[in-house]
Amino acid sequence: MKYFSLFSGIGGFELGIKQVYSEVHRLDPDRFTCVGYSEIDKYAIQIYEKHFDHKNFGDIRKIKPRSLPDFDLLIGGFPCQSFSVAGKRKGFKDTRGTLFFEIARIIASKKPKLLLLENVKGLLSHDSGRTFGTILSSLDELGYDVQWE
């Protein structure tokens, strides 16, 4: 399975995929292949590149979906400061909060089979649930059934 990683940080999702696949399922972790990632924090990139040899496509706002290889799974933990109880909770009024729509833009073009998006404490209740409703509606309009915990 080929995957693309957004807001990758230091590679937590990538490490998790490798560990679960090899340690839990006792299968070859290389059955999951990262076709690239998107990260802009220079310090996170330094750590990421010490552990992984994947191409960084940089700022999600500048990614042209046609430039991306095809992939089956999109993973990402979009910036949570806008929604988190630990942040200012400005939601979509905060530029970081609108980055979810960049994920939707890439999904609309690439149409991966699966999505795995990280949740943050406070997202479900932000703006009386309207923010999460917008996210669910956006994914539904793109043809995805959503499950969450």
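Laboratory data are not the source of any read-out in this text; all were calculated from the coordinates shown. Everything numeric here is computed off the predicted structure, so don't read it as measured data. Glycine gets a Cβ as well: all are built from the backbone with ideal geometry, and neighbour counts include every protein chain shown.
Packing around the peptides 104-113, 5-14, taken as the average count of other Cβ atoms within 10 Å per residue, puts them in this order, highest first: 5-14, 104-113. The stretch between D145 and K42, if pulled fully straight at 0.36 nm per residue, gains 33.6 nm over its current Cα-Cα span.
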